[in-house]
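The structure appears below as structure tokens.
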Amino acid sequence: MVPLAFERVRQTERALLFESPYAHAQITAHEAGWRVLVYLRPEDAAKRGPAAEPGPPRRLKFENGQVRAEGLGPLGLTLEPFALTFGFLTRLRFFALPRVPWQGLPGLEAALPPAEGHPYSGGLGFTLEESPHRRYYGLGERTGFLDKKGKRYTFWNTDETKHTEATDRLYQSQPFLLLSEGEEALGLALDESFPLVFDLAFSHPGRSRIQTPGPTLDLYLLPGPTPAEVVVRLTALFGRPPLPPRWALGYHQSRYGYQSQEEVRAVAEAFAAHGIPLSALWLDIDYMDGYRVFTFDRYRFPDPKALAKELGRRGIHLVAIVDPGVKKEAGYPVYEEGHARGYFVRTARGEELVGEVWPDPAVWPDFTRPEVREWWGNLHRRLLEAGIAGIWNDMNEPSAFALKNARSDPVWGKTLPLSARHGEKTHLEVHNLYGQCMSRATFEGLSRLAPERRPFVLSRAGFLGIQRYAWVWTGDNQSRWEHLLMSIPMLLNLGLSGVAFAGADIGGFAEDASAELLWRWSWLGAFYPFMRNHSAKTSRRQEPYAFGEPWTGRIAEAIRFRYRLLPYLYTLAAEAAATGAPLMRPMFWHFPAEAEAYRVNDQFLLGPALLVAPIVRPGEEARAVWLPPGRWQDWWTGEVFEGGHYQVARDHGRIPLFLREGFAVPLAEEGLAFRVFGERAEGRLYQDAGDGYEPGAWYGLSVTGNRARFEGEARPRVCRREEDGEKPVPLD
Ligand code: MIG
């Protein structure tokens, strides 16, 4: 570790520039935050990171050891050593690495460091002085609990088929930290696609250390003071999710193993027979002809168009999986065309890289190139013509079962060799972007092919900013209570990392769900941004009706509740599109001054108004809950609670759920309704056509005592829940 130091700084109107023989740095101020770019090679001075869009630099000034720019809060700066102070972050010190073995990333030193020949070809990093009061959140898709301090995390998108609480790498990489100390929050984001290591007070209790093997370190410092403010800035930088089509907020049914269009039709019929609402049915890899992407099996799915039409009449959309692996086969147009145009990833020797995934042999499109993305996007025409309404990108870490003509086995996991070539770049550099580039190709293709509709894409892999193109699910979880519980901090941290729309497979993907687990998970999933039940081919069936009564009725109740919540969910979705705020929020999002809010892992807020405390263990009908200061109302009974700890929050046969005083929640009942709690309460509602790009409208509801005012033309029913039933509040 070589500490970086600079003898002096050159100041221009909009940048500070630092030079030394082997390392360089720039500090600029942008709307969202400070950018600190450290680089080894002079040619990286004009580097643009792969995902951030910081906008133009602002005026800044360096005086008396402080850099100042409008709207950002000062940055303390010393040159020797090169160190920063930012809010409660003291002594953020930069270092370079000679070519040394990489802790936590075995094999990396063998993988062609990009600054080869440079004395610091081991890469760059920085350390942070620790504080006992500091907590870390964000970090994208992670197992374990909410606070991430005390572990080492690597960023390398990985097809992990059996993750546990101890698993480090998963499918997504969001190198972002939300730091909190006392009541204050700050953000650190790294716009670097090389693998990264975040050692958060793990190797050394007094210090955290973040490093990359790449030749640049592109760091953003995002001011708070609240977690919400940090996430607004993060998503200003990396992008916000577009408003989804409204149907996507409904209930989705999937299963790896729906073998034929008859089987899919039978599932739709079973939902209808049980009166269970359903917005989408998902087609996993079996719909394809021999795993050839953009085809349908001629015998098992002879008429997808008729199927889509028939399901469409019932309001059910079809979503089809599209994997990146293309079958290498003469006569298969997707391969022939991509091959002729040189669109597939190459080996270090320049040959088309051949491996094995579902198709065997398989090649991988190089989605990092715009012309490849355009080509791929256009291939979706075939699926749209068949009536497919959404696309599911899987295996895009990318995952490879085996490699054929690569010189060596992949170093990390089942993926492409680190030396494979994407244009001029190595796989090592762009691996973490591959999935995002694929989903971007898909999103942009759907936008071009069906400009009047909002694209719906789901992606397993991604990087910072995946939310611009796709929703995310947390991959192959298991039908276990631990995984039900773990989905809560996982989705909360994903949301804090900018991914507002995410879900875990309800019921669990691998292994066998029990009726009780599925029931509890369906209730929890009714509050996920993305509500999809999905399971593996060999696991026991887990459609909502799979276990018979009383379970079918109980699970159907959870799904129907989801549909009742849709106006609220859609309003939150519009808010996410505008500000980046996640739908599912940790307690500290709305209660940053409460120490307890930073510790809670198993309850959360849906928007500002609802507190959800799911049952996370078998056999239980009640659980402990922490209610923040203020008053809360049991959704089911109307009983009122003051803030505090309660040992027994009952499920009332459903889920412990509380409404916050002062809020109004829009609901779909017979028509539009609002449920309010408190003498005074306010709520918002966003409405539009549910798809397309006609502008929508925001409406406010305000209630004072026994009078309600609604801004729109509609006449919603407004009511309070009291212990002896619902009491209407007349509209002015
Ligand atoms: O090798 O398409 O995570 O949701 O059902 C497994 C089959 C490939 C992994 C996904 C899962 C999907 C499955 N896929």
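The values are calculated or read from the model by the stated rules, or taken from the named source; none is laboratory data. Just so it is clear, the structure is predicted and the values come from calculations on it, not from any experiment. No Cβ is skipped: glycine too gets one built from the backbone with ideal geometry, and neighbour counts run over all protein chains shown.
Restricting Arg684, Arg709, Arg717 to residues that are of a type in the set (D, E, K, R) and under 24 Å from His590 (Cβ atoms) narrows the list to Arg684.
Hey, does the stretch 19-39 have a residue that's of a type in the set (Lys, Arg), at pLDDT below 95 and within 26 Å of Tyr120 (Cβ to Cβ)? Checking the stretch 19-39: not a single residue is of a type in the set (Lys, Arg), at pLDDT below 95 and within 26 Å of Tyr120 (Cβ to Cβ). Can we say Val322 is within 30 Å of Val430 (Cα to Cα), touching a His at 6+ places or on another chain (Cβ under 8 Å), within 15 Å of the ligand (Cβ to nearest atom) and touching a residue at least 12 places away in the same chain (Cβ under 8 Å)? Yes.
Checking each residue in the stretch 535-563 for being crowded, with 18+ Cβ neighbours inside 10 Å, more than 16 Å from the ligand (Cβ to nearest atom), within 26 Å of the chain's Cα centre (by Cα) and among the charged types (D, E, K, R) picks out only Arg562.
Counting only strands (runs of 3 or more DSSP E) that fall entirely inside the stretch 131-242 and contain at least 1 residues that are within 25 Å of Trp473 (Cβ to Cβ) and in contact with a helix residue (DSSP H, G or I) (Cβ under 8 Å, 6 or more places away or on another chain), the qualifying elements are 134-138, 152-155, 176-181, 184-190. If the condition is being part of a loop (DSSP other than H, G, I, E, B) and within 15 Å of the ligand (Cβ to nearest atom), then the stretch 487-506 contributes Ala504, Asp505. A single entry from Pro489, Pro417 fulfils the requirement of being of a type outside the set (Ser, Thr, Tyr) and over 22 Å from the mean Cα position of the chain (by Cα): Pro417. Out of the stretch 509-534, which residues are part of a loop (DSSP other than H, G, I, E, B), within 12 Å of the ligand (Cβ to nearest atom) and under 17 Å from Thr552 (Cα atoms)? His534 - this is the single residue of the stretch 509-534 that is part of a loop (DSSP other than H, G, I, E, B), within 12 Å of the ligand (Cβ to nearest atom) and under 17 Å from Thr552 (Cα atoms). Does Pro398 satisfy the condition of being in contact (Cβ under 8 Å) with a residue 12 or more places away in the chain, within 16 Å of the ligand (Cβ to nearest atom) and in a loop (DSSP other than H, G, I, E, B)? Criteria met by Pro398.
The one condition from (1) of a type outside the set (A, V, I, L, M, F, W, C); (2) within 14 Å of the ligand (Cβ to nearest atom); (3) closer than 30 Å to Glu336 by Cβ that His252 does not meet is (3).
Screening Asp289 on (1) within 32 Å of the chain's Cα centre (by Cα); (2) away from the ligand (no atom under 16 Å from the Cβ) shows it passes everything except condition (2).
Taken over the stretch 335-374, the criterion of being touching a residue at least 40 places away in the same chain (Cβ under 8 Å), closer than 18 Å to Ser439 by Cβ and away from the ligand (no atom under 16 Å from the Cβ) is satisfied by Val345, Pro365, Asp366, Phe367, Thr368, Arg369, Val372, Arg373, Glu374. Checking each residue in the stretch 471-486 for being more than 14 Å from the ligand (Cβ to nearest atom) and either assigned to a loop (DSSP other than H, G, I, E, B) or in contact with an Asp or Glu (Cβ under 9 Å, 6 or more places away or on another chain) (or both) picks out Arg480, Glu482, Leu485, Met486.
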